[in-house]
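This report concerns only the one structure given below.
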Amino acid sequence: MSLAGGALSVLAAAAFAFRAQAHWVSMLVSYAIGALLGASFLEVLPHAITASGDASTTTATVLGGILAFFIMEKLVLWRHCHVEECEGHEPLVHAHGT
């Protein structure tokens with residue numbers, strides 16, 4: 001049954017992948033990340049609170065980590081663009097001794 005379930009999952013994923021459109025990718029990635037984070041927090045966070053014995057410190061640490069990674073992501077993507085004529089690309093001035 002495990003093998004049949006795995007094969008069925010692969011076939012369903014392949015059928016979906018061939019029909020998926022490019023503009024769906026960012027939405028589906030966001031959904032997948034949210035689902036994985038939700039599942040991990042529902043499973044891991046209660047154990048972390050129990051192990052530490054202090055709920056406020058544990059939740060503050062988790063929220064601080066989320067905030068830190070959010071800020072790091074914004075700093076990395078701050079001036080990122082894919083065209084030459086944007087505010088992130090300053091014109092290069094080459095002085096060749098003239």
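In region 72-84, what residues are open to solvent by 100 Å² or more (accessible area, probe 1.4 Å), assigned to a loop (DSSP other than H, G, I, E, B) and modelled with pLDDT of 70 or more? The one that is open to solvent by 100 Å² or more (accessible area, probe 1.4 Å), assigned to a loop (DSSP other than H, G, I, E, B) and modelled with pLDDT of 70 or more: 78.
Of all the residues in region 60-71, those that are open to solvent by less than 50 Å² (accessible area, probe 1.4 Å) and either under 15 Å from residue 41 (Cα atoms) or touching a Ser or Thr at 6+ places or on another chain (Cβ under 9 Å) (or both) number 3.
For the criterion of being assigned to a helix (DSSP H, G or I), of a type in the set (Phe, Trp, Tyr) and at pLDDT below 90, residue 69 fails.
The values are calculated or read from the model by the stated rules, or taken from the named source; none is laboratory data. The model shown is predicted, which means the values in this text are computed figures rather than measured ones. Note: ideal-geometry Cβ built from the backbone for every residue, glycine included; neighbour counts use all protein chains shown. Calculation scope for accessible area: heavy atoms of the full protein, side chains included, ligands and nucleic acids excluded. Shrake-Rupley method; radii C 1.70, N 1.55, O 1.52, S 1.80 Å.
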